[in-house]
1. List every residue whose amide H lies under 5 Å from the amide H of B:VAL324, counting only residues 5 or more places away in sequence or on a different chain, with H placed 1.01 Å from N in the peptide plane.
2. Anything over 32 Å Cα to Cα? Flag those among A:LYS103/B:LYS148; A:LYS318/B:LYS296; A:LYS297/B:LYS114, in the order listed.
3. Summing Lys, Arg as +1 and Asp, Glu as -1, what charge do residues with Cβ under 9 Å from the Cβ of B:ASN188 carry, B:ASN188 excluded?
4. For B:TYR180, list long-range residues whose amide hydrogen, built 1.01 Å from N in the peptide plane, is under 5 Å from its own amide hydrogen.
5. Pull up all non-local amide H partners of A:PHE319: gap of 5 or more, or a different chain, and H-to-H distance under 5 Å with H placed in the peptide plane.
6. What does the extension gain come out to for B:VAL312 and B:GLU127, with contour length at 0.36 nm per residue minus their alpha carbon separation?
7. For each of A:LEU105, A:LEU251, count neighbouring Cβ atoms within 10 Å of the residue's Cβ, then give the residues from fewest to most.
8. With runs of 4+ DSSP H residues as the only contributors, calculate the mean residue ellipticity of the protein assembly as shown at 222 nm using -39,500 (n - 2.57) per run, divided by the residue total and rounded to the nearest 500.
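Bear in mind that the values in this text are calculations on the coordinates, not laboratory data. The structure presented is a predicted model; accordingly, all values stated were derived computationally and were not measured. Methodologically, a virtual Cβ is constructed for each residue, glycine included, from the backbone with ideal geometry; neighbour enumeration extends over all protein chains shown.
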Number of protein chains: 2
Amino acid sequence: MATIEDVAKLAGLSRTTVSRVINKHPYVSSAKKDLVLQAMEELGYVPNSSARSLRNQKTGVIAVFIPRVMNPFFSQLIETLEIAASLSHYQLLVCQTQYSAEKELTYLQLLKVKQVDGVILASFENEWSKIEPFLEYGPIVLCNEFEKNARVPMVLLDQAYGGYIAAKHLLENGHTAIAYCCGSYRSNVSKAREAGFRKALAEYGVPFQEELAFRNAFQVEDGKRVFQQLAAKAKKPTAIFTGSDEVAAGLIAEAKRNHWVVPDDLAVIGFDNQIITELIEPRITTVHQPVQDMAKKAMDIMVSQLASKHSVKQEVHKFQLELVIRESTNKVLVNL
Amino acid sequence: MATIEDVAKLAGLSRTTVSRVINKHPYVSSAKKDLVLQAMEELGYVPNSSARSLRNQKTGVIAVFIPRVMNPFFSQLIETLEIAASLSHYQLLVCQTQYSAEKELTYLQLLKVKQVDGVILASFENEWSKIEPFLEYGPIVLCNEFEKNARVPMVLLDQAYGGYIAAKHLLENGHTAIAYCCGSYRSNVSKAREAGFRKALAEYGVPFQEELAFRNAFQVEDGKRVFQQLAAKAKKPTAIFTGSDEVAAGLIAEAKRNHWVVPDDLAVIGFDNQIITELIEPRITTVHQPVQDMAKKAMDIMVSQLASKHSVKQEVHKFQLELVIRESTNKVLVNL
DNA sequence: ATGAAAGCGCTAACAA
DNA sequence: TTGTTAGCGCTTTCAT
């Protein structure tokens, strides 16, 4: 593998000049520049990445933490983040924490050992106080997460509003026995969403029924499980708010298998407006999240933090959600 | 940020000794070792990743090339690869080529500049002759791809068999006008699958009808489009083989919107046994692919190539596919 | 406009 | 068992 030294020799110039050409510095006569370019070409030279990283104290790599890739919400996030990173000439390192606080801490070492320049946290399991110290080693941006105490930029979706409009929609349709279902128990995303949900209920004088609350539902399978639990209740709800389209889809599938009619026997509302909401029957009412906008913004912020070593401060960017009404909550058939 | 030098000073020892402790070399008295450990602890020292990479000529990072993350097949691949990489203490860099040969070549530079130790190609767009030269810079493993001329390990699914059993299933159900639908036109995956498909047809004396062949169908939207094209034909098929569950799902959705009954008016078979196949109605007959096994094997091979600088040679690992029969091809209702 | 030389942080050959 | 020292390949002062 050719080094900068080899190029310099071949061109009959110094390493410095070659380096100047590589980095497009001024003050290189075009004659010498051509000489260098030619030598580089001839040797098939490319600058060694580790050497540059060591010298420049930066790697050009950004890590993103997610629980797992196989969750349409996070896949979409990753996809958009990778494209955005690439446009700014960064590489994206994907770290799956698998909802494990320990794994998260291990991955955070990447920042400390300077294997990555910054970290985008699209979920976190540890107390913020455990994460905070890593800020010393590089920027951290929260994406789809909120933490009151964190003096870092955070981009997020207005989950409280999402919970609110979803609940309100069910309430407007006359439901008073509404089940609630969410994913990660103690994430701030869940908490905000639940707060919005409760707020709408309160406005309609409908109580939140803890016995109709299901936690830790993430996937299709969980949706099926939730249906079984719900069907076993003495006092059954007439509607259910789920925190995810996958859960809603699983729930509806199971409901149909048990000869329940959605939405007549049970109205179901999802979250995230994934493609699946338009494929199953009835199509799922859901809340659209501008995931791509959020991802782009997060990468934007990360890249500019990396460019200008500005002071770290709290900074909140909120994106708005939108209700998408379909047949899983609506008896009127909109089909075709 | 503390360096090895700082640790050495604090411990009153040499950098070498500290390095030995870091790398768990023998010949360090436990007294000195404790001294070093204590100094490291006190300074919160961690070895700098770029420096090690430069010195050791390896980064601990493996790149994986896929067209895009938001495709359940590739999400699953990425998820499994990342877990496997992590277990072997490697990081995974995700590169989305977006079906662009040019992007692919750009990303391949990662190997040349030594930003990654190896590349797992889970799809490729360029002629192999364009990729081959990069082998000089690090190992390449094909995953879910086949290339006759490539002197590299490849792990793959028996696509020919997959096409064969799918077609055979339709033929056994009495279909003779069978449409064919695939994704990437010229990938070897597609070619093998089509070959298997054609073989089954030939065995039943049924001709392959080029006017019922649809290429470049990847997503739900494409499935919808294919339905429209198909419905416009004068001679309509009674069954269709699609190269993906998403396409099948889109096709079925569109068929239903147009009041076609699946499978009576049109039998549909998917590919990959994604979760969606069990959620829509009718549930989709499909071909199960052991993606996780394949991904693990690919990472296994990559890691061992990286460990032992063995000679690069061709090496094929094939995984078997399996037909999963559901209602989209079968009039008998298996439901419940 | 160009070059000499120091040094980013680490490891390993060699010496002791 | 421990230390000295020479780089890994690059960028950047500082001189010229």
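1. B:THR286, B:VAL287, B:HIS288
2. Numbers: A:LYS103/B:LYS148 40 Å; A:LYS318/B:LYS296 39 Å; A:LYS297/B:LYS114 30 Å.
Distance filter (> 32 Å) returns A:LYS103/B:LYS148; A:LYS318/B:LYS296.
3. Numbers: positive: B:LYS148, B:ARG186, B:LYS191; negative: B:GLU145, B:GLU147.
That sum, taken over residues with Cβ under 9 Å, equals +1.
4. Here B:ALA213, B:PHE214, B:PHE241 satisfy the definition.
5. For A:PHE319, the qualifying residues are A:LEU156, A:LEU157, A:ASP158.
6. On the way: separation 185, 0.36 × 185 = 66.60 nm, distance 1.93 nm.
Length gained between B:VAL312 and B:GLU127: 64.7 nm.
7. On the way: A:LEU105 15, A:LEU251 32.
Ascending number of Cβ neighbours within 10 Å: A:LEU105, A:LEU251.
8. -13000 deg cm²/dmol
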